[in-house]
Amino acid sequence: MEVKILKLSDLFRHETNCLNVPKGETLFKEGECGEEMYVLLSGTVDIFVNHKLVEKAGDGSILGEMGLVGDQPHSATVIATSDCRLAAIGAARFNFLVQQTPNFAIHVMRVMANRIRNIDKLLEAKTAHKK
């Protein structure tokens, strides 16, 4: 079964209710409640876990998905490195997107899996460095 690659820029191209975050501002902090996830429509952000840079994200990236899906506080801090425009997605809209666009759910799972793998690699490198 081949899964079509989802371009979030296509899915949210007509978004009118956007959040603007200026360069240098924090979108959310690690440990804060995560009631929404975001699609980065334009701009760039840095993602930090335990004050360590783990990812630089750009247009089309999703942010805050673990807090929304896991109904837990955010596991990372996200800081805008340029002026950003984002689409906010609450739980009801997320559920609708998953039902109406199954590739959206697969995309979110892939992003989460890749982020976990990247953090695992950072932890492995840190452990190897200590030996």
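Things worth noting here:
- With both labels modelled 7 Å from their Cα along Cα-to-Cβ, the Arg13 to Gln72 distance reads 3.7 nm.
- Top positive-direction residue, dipole computed over the chain with Cβ charges, set Leu41, Ile119, Thr26: Ile119
- Calculated log₁₀ intensity ratio I(q)/I(0) where the Debye formula runs over C-alpha points of segment 85-125, q = 0.14, 0.17 Å⁻¹: -0.45, -0.59
- For segment 46-117, the Kirkwood estimate of the hydrodynamic radius, built from every pair of different alpha carbons, is 13.2 Å.
- Simple point charges give the picture: +1 on the Cβ of Lys and Arg, -1 on the Cβ of Asp and Glu, and for segment 8-130 a dipole about the Cα centre of about 400 debye.
- Pairs of Lys residues in segment 27-131 that lie 8 or more places apart, or on two chains, and have C-alpha atoms under 15 angstrom apart add up to 4.
- As an equivalent ellipsoid, segment 8-130 spans semi-axes of 24, 17, 13 angstrom, where each value is the square root of five times an eigenvalue of the C-alpha gyration tensor, largest first.
Each reported figure results from applying straightforward, stated rules to the coordinates on display, with no laboratory input. This structure is a prediction, so every number in the text was calculated from the model and none was measured. Neighbour counts are summed over all protein chains in view; Cβ atoms, including those assigned to glycine, are modelled from backbone coordinates with ideal geometry.
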